Amino acid sequence: MSITLERRYADRLEEFSARHPFLVDLAMVLALMGCSALGGSLTLPGALPPDQDKTATVLTGVACLVLLKHRTHPRTAVVVAGGCTVAAVTLGYLVTPLLLAPVMAALYWLAALTDRKSTRAYGLTTLVAVTLAAVFSDSMNHVSLLLRTIGPVFWLMLPLAAGKMTQLRRAYLRSVQARAEHAERTREEEARLRVTEERMRIARELHDVVAHHMALANAQAGTAAHLALTSPEQTRKILTDLAGTTSSALRELKAALGLLRQNDHPHDAGPGSMELEPAPGLARLPELVAACESAGLEVTVTTEGEPQPLSPGVDLTAFRIVQEALTNVTKHATAEAARVRLEYTGSRLLITVTDDGTGKPEAEASQGRGFGVMGMRERAHSIGGHLCAGPRPQGGFEVTTALPLQPSPPAEGTP
């Protein structure tokens, strides 16, 4: 409790000193004048005080008044206060801490406000001058040479050390404040980066959900309209698949929006909240193939190598890439067939999606420049993989990606 009170009063004193520096300096000067006047009246037992009272008063007054400029001219303050002190000691005044108070204050501000070189030059010069004056002063004849030397050196070294400690403390506080400000800026930048990454992730997820299901729904509706008169049974089946496609789209869209709306406490969700479904993976490829076939696209899936377990992030990425690639085939190409090849090689999964090459060149070009390919590439890079997409020399379009079985940070320099 006492430490807290002391700290509170110290903070208030520092705040008052920062707002009213002249009043603080004036109070200090008045106090030092009283100390030096009292020190000038002290003598050793049996010794008479010097006769130059007016001279001593003038010297101590000048030594104190010059301290009003210690904040802007600390070196000048030390020179003037030191010269006045040396003159007073030479006149025969007893060397005491009270008489040395003005020069001690000047030395403290010198060490606290200037660099180390200035402190050494001005401080040591003043110390030597005052010590020599004390050694040869008549007022110190009854004191041994050792005491005449140690006394001034000790009293003048003390403010130099205190001022340097104050300077170091201020530098430490500035460095702590600078580190705190840097840490705050770093946290803000990291938060902005995370918000940007989350926005991009949500945009990719919504694009994959909406684009895939809407493209399939559009293809299924077109196929049903084309076969409505000639093949009613097949039309009925396609319309049934269309209802399933739109239902699945709404379900995944609600799940994606539910992630944005849920708070930090899932048990506080309202009565209308819905439980989130697990993220899709390669296990749902048969559903994806069936949906594409109902839209008139024949999809063949082949697997090479021994299937390996995938982490949830890699499994979701692989499924979304295959989903987006097949969606692009449905939207941009008039292909009748597409092939999906999954190849497990060592610690990587290679995925290749190709169509039969019946699409128009301009459609294939737009397929390579769309947001879908950009999203697939970003998904692959986010887990340490890479993706290539473009027209094939023999016709058609091909998407090739290599994903690690376990996610890893993307390599430096990866776009």
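Can D264 be described as modelled with pLDDT under 75 and closer than 18 Å to G313 by Cβ? No. Has the stretch 119-130 got at least one residue that is open to solvent by less than 50 Å² (accessible area, probe 1.4 Å), polar (S, T, N, Q) and modelled with pLDDT of 90 or more? Yes: the stretch 119-130 contains one or more residues that are open to solvent by less than 50 Å² (accessible area, probe 1.4 Å), polar (S, T, N, Q) and modelled with pLDDT of 90 or more. The residue pairs whose first member lies in the stretch 22-39 and is in a helix (DSSP H, G or I) and of a type in the set (D, E), whose second member is modelled with pLDDT of 85 or more and open to solvent by less than 50 Å² (accessible area, probe 1.4 Å), and whose beta carbons are closer than 8 Å, counting only pairs six or more residues apart or on different chains, are D25/L67; D25/H70. In this structure, is A171 open to solvent by 40 Å² or more (accessible area, probe 1.4 Å) and either within 23 Å of G39 (Cα to Cα) or in a helix (DSSP H, G or I) (or both)? When the stated conditions are applied, A171 passes them. Scan the stretch 386-407 for residues that are surrounded by 13 or more Cβ atoms within 10 Å (Cβ to Cβ), on the phi < 0 side of the Ramachandran plot and modelled with pLDDT under 85 and the total you get is 2. Within the option set A171, A105, A180, A111, being out of contact with any Gly (no Cβ under 7 Å at 6 or more places or on another chain) and closer than 30 Å to Y93 by Cβ holds for one residue only, A105.
Residues of the stretch 328-335 include at least one that is within 23 Å of R204 (Cβ to Cβ), open to solvent by 10 Å² or more (accessible area, probe 1.4 Å) and either in contact with a Cys (Cβ under 7 Å, 6 or more places away or on another chain) or β-branched (V, I, T) (or both). Whenever a residue of the stretch 76-98 is within 19 Å of F154 (Cβ to Cβ), its partners that are polar (S, T, N, Q) and open to solvent by 30 Å² or more (accessible area, probe 1.4 Å), lying with C-beta atoms within less than 8 angstrom and at least six residues away or across chains, give the pairs G82/T125; L94/T43.
Evaluated against (1) surrounded by 24 or more Cβ atoms within 10 Å (Cβ to Cβ); (2) part of a helix (DSSP H, G or I), V95 falls short on exactly one condition, (2).
The values are calculated or read from the model by the stated rules, or taken from the named source; none is laboratory data. Only a predicted model underlies this, so the values are computations on that prediction, with no experimental measurement involved. Heads up, the Cβs are rebuilt from the backbone with ideal geometry, glycines too, and the neighbour counts pull from every protein chain shown. Note: areas computed on protein heavy atoms with side chains; ligands, DNA, RNA excluded. Shrake-Rupley method; radii C 1.70, N 1.55, O 1.52, S 1.80 Å.
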